[in-house]
Structures are given as structure tokens and as C-alpha cells.
1. With respect to the numbered conditions (1) within 17 Å of Thr455 (Cα to Cα); (2) without any contact (Cβ under 8 Å) to a residue 24 or more places away in the chain, which one is the sole condition not fulfilled by Leu376?
2. Among the residues of segment 161-183, which ones are in contact (Cβ under 8 Å) with a residue 24 or more places away in the chain and part of a loop (DSSP other than H, G, I, E, B)?
3. Could you check segment 389-402 and list, in sequence order, the residues that are buried (at least 19 other Cβ atoms within 10 Å of the Cβ) and either touching a Lys or Arg at 6+ places or on another chain (Cβ under 7 Å) or under 16 Å from Leu439 (Cα atoms) (or both)?
4. Show me the strands (runs of 3 or more DSSP E) found entirely inside segment 362-461 where at least 1 residues are small (Gly, Ala, Ser) and touching a Ser or Thr at 6+ places or on another chain (Cβ under 6 Å).
5. Out of curiosity, is Asp227 at pLDDT below 95 and of a type in the set (Asp, Glu)?
6. Within segment 323-347, work out how many residues are surrounded by 13 or more Cβ atoms within 10 Å (Cβ to Cβ) and out of contact with any Lys or Arg (no Cβ under 7 Å at 6 or more places or on another chain).
7. Restricting the search to segment 3-49, which residues are assigned to a loop (DSSP other than H, G, I, E, B) and among the β-branched types (Val, Ile, Thr)?
8. For segment 137-183, how many residues meet the condition of being over 26 Å from the mean Cα position of the chain (by Cα) and among the charged types (D, E, K, R)?
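The values are calculated or read from the model by the stated rules, or taken from the named source; none is laboratory data. In this text the structure is predicted, and so the values were computed from the model without any measurement. Glycine also receives a Cβ, built like all others from the backbone with ideal geometry; neighbour counts cover every protein chain displayed.
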Amino acid sequence: MKNTETMMTKQWRPFIHFTPEKNWLNDPNGMVYFNDMYHLFFQYNPTGDKHGNMHWGHAQSTDLVNWQEKDIAIYADPDGLGYVFSGGAVVDVNNTSGLGDGTVPPLVATFTHHSKDEVQVQSLAYSQDGGDTWVEYANNPVIANPGLKDFRDPKVIWDEENSQWVMALAVEHFIYFYISSNLIDWTFASQFGEGYGTHGRVWECPDLFPLTTPCGITKWVLIVSLDPAGPNGGTGTQYFIGEFDGKQFISDHTETRWLDYGPDNYAGVTWDGLQPTSNKRIFIAWMSNWVYANDLPTNPWRGGMTLPRELTLVNSSKGIMLANLPSDDITSLKAEFTLTDANTLPESCAYEVVWKFDKSLGDNSITFFNSEDEKLVISYVAENNEIQLDRTQSGWNEKGFGRVATAPLKMTDENTIECSIIIDQSSVEVFTEKGLTTLTSNIFPKVPYSEFTITRTSQLECFTLINKVTS
């Protein structure tokens, strides 16, 4: 009898999503772009496939598709300041920190040290060789704990208008903002959160940055993850759009706005360092949920990332909202796949099905299925004007995994709905309403889905994306 705990699960290794070669992964950390290289750091346990013993793992890519996993970047110090929790990284172009050697700008990472006694403080590390090796700042921590249990996940950005560094920090149910001229000496500026959005047990992994609308209006965006109280149970990520005056963030709205309605999009933040080139904000998130994250059936790895997505501001009937769609690096992979009469799906690749339908005709659905009688159902429910993602019969279904996720459509004046559905071995990501409504979900079918059916007349296109494992 085979030991299911040690069986390799190559059938679930994705083609175009990042996963570590082995062991546990969660939050993306320290994403920074420098010298034509995207750096992805992440919460990593080098000694096991469950959460604990947190270090910063490291991978890098030139195209956001093909990733090379590197050595551990920042090591835990259990007998010192502690384990290395989440944070960010920036290019210190003008060497304001004085941590550079004067030849190239240093990369500076800000992160949380979490001690054995569960005391959380904010620390620095820096790299003088473009991110390959890192040195911890000798006088860590740079922000001591003021006596709070949840005090973590610093994300820093350069505020060009005010010539200062700004840190967003998750503190219990709020976001604290700190400012600095040198990344080392920090001053508390303000806090945000009371009366805004959804408050679960704790807020986590904030990110603050400006974006400009197609009409040329610049707004500030604040992303906040929370656990629990997500839109469909467990974890979730909300966002706020407003103004930042260099000290205080003021949201234009109090209601909750979800970045993604699926169960498996958490702790996402954006790459820094793109400002001199495209000024894009490319986002990536941990594709899991704390309800079952430690029990997912993959081996020898556990945990992966969503597709990289470009965040943009969109003018809608409900005002300015945040959209997220796969980055150009992903969409450039597309090659058209001709569907047969039997709607047979492509084999041995990630693929996209573009499903277009008229919602005025009522309920509609597309069902992906395999030879094991497993199925994934994506539906439009007219009564609620929502998209549903039903994975209750999609394959592995334990530890609270089986669920139906729902996402309300926002653009009520449109009848033609286009859903981009990207399936990659063990994940499905649905993008509709030009990225205003998205759902991200893990799936673990015994064998790949081989065909699909639809319940009403629809327009369908199918594209292959890539046909080789790159992780």
C-alpha cells in the first residue's frame, strides 16, 4: 500500500505559476525589480512542508514566467531576534540609508523579526550585489515593539512628492504609517482603519502606492489582507482608494472592496522598482487559504503563487475601482487552440478558455470534467447577478476545501459578459469585467480535466499558454 504522505504529486506541479522545489511557502515578500531582474522573496520553511521556522526564500526571473530558485536570502535567528516574517524591499537609488558601497544602489529589505516569545519588531537587511546576498543591519531592530501582539509586515515606498520613505505596517486591526529620510530612523505619522472596510481577527500585509486613472487623475491605493472574514470564508484581500498627503491616508469610501473573491488569493503585494521604466504595479499573492493551507495534498512542495497581475484604476458606474488582470508577460504566451466538436481541452499545458455570454438570457454555466467523474463548474446566476465557482466535486476535497465561491458583478449596465478562465494543473483563475471581478482557486483533480460543456449558447475561444514546467 502506498504511503499517500510521501507520494510525489507531479500532476499538480503548475506550468506558469511559481512553486518552490520543495517544502513550505506562503506570503510573497520583498518583491523588487532591479537591473532587468524581478526578485521574488517569500515566506519559506527550509526544513518542512508546514508553516514554521520562517526564512526568506528567493527566486528571480526576467519575464515573470520562468523562475530560478536561489539560495535562502535572509535566515531565521531563533535564539536572537527571531524568525523572519513578511516585509518588502526597495531600491535605495540615492543611498539615503548609507548602506551602499557607493558604486551601485543598495537593495534594502524591511521585514518583521518574530521572536520565540512572539515579540514582533521591524528590521532591515541590505544587498550590494543586486539581491544575490543579504546582510542584516547591525543595529536591528529599527522599530521596536510598543507592546502590541500583532505588529508586522512592513511595506515601504519612496514618496516622490514629499522626498521621504513611507512604511505601511499592519498593527492589529489597523494600518500604521511611518516616515523616514534614510530607511533607518522612523517616525510614526498616522493610523488608518477604524470605520473602514472589513475587520476580521487581524489585518496583514499592507501595500500603499499611487496609480493614475486613464483620465490622468492620480489616486493612492492601500491593499490590506485579513484573516479570517474573507468574502468566501477564511482569508481575503481588500483595497481602499483615496488620498495620501505624506502623513495620512484618507479613503474615498468606507465599504469593503475585495481585490479577489476566490478562496485562494492572500497576502498579495506589488513589485517596487518599476517606477523608472513603466511605473506599473505588478501584483502577486500566495495562492492558498489558512483554513487548509497546512493540509494541501502536494508533495514535495506545499504552497504557490498566483499569476502576476497588473493593477490599474478603472472608471466604473460605481466610481474609480481597482482592476487586476494577468500581466503582459503572461498574455504574451497565448497561442490559439482550435476546439473540436467535443470541446476537448488541450493536454500538457496551462490553458485559457474565454467564455462570452449574454447575461440577459438568464443562468449559464461552463463545466470542466475528467474521466474520474470530477468536475469544476463556473456559473452565472442571474437572480443574484453573480459568478459562482464550484469546486465541491473538483477533486481532492478535505479539511474544509470543498466550497462554492461567489462574486457579484459590478457593471450592471452590461449584458455581454466575458470570462477569461485560466487553468494550470492545480489552479483556476477567473477574470471578468475587465479585471474588476476575479476569483482565484486551487483545485486538485486526480487527472486533468479533458473536456467541457456549456448550458447555454456562448462564444468560446481556447488558448494554450505554455507546455513546460518552469518551477
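1. Answer for Leu376: the failing condition is (2).
2. Within segment 161-183, Glu161, Asn162, Glu172, His173, Ser181, Asn182, Leu183 qualify.
3. From segment 389-402, those buried (at least 19 other Cβ atoms within 10 Å of the Cβ) are 389-391, 394-396, 401; that's our starting set.
If the condition is that a residue be buried (at least 19 other Cβ atoms within 10 Å of the Cβ) and either touching a Lys or Arg at 6+ places or on another chain (Cβ under 7 Å) or under 16 Å from Leu439 (Cα atoms) (or both), then Leu389, Asp390, Arg391, Ser394, Gly395, Phe401 are the ones that fit.
4. Filter on segment 362-461 gives 364-369, 375-381, 404-408.
5. Here the answer is yes, as Asp227 does meet what is asked.
6. 12
7. Within segment 3-49, the first condition is being assigned to a loop (DSSP other than H, G, I, E, B), and the residues that meet it are 3-9, 13-22, 35-36, 46-49.
Correct list: Thr4, Thr6, Thr9, Ile16, Thr19, Thr47.
8. Number of matching residues: 1.
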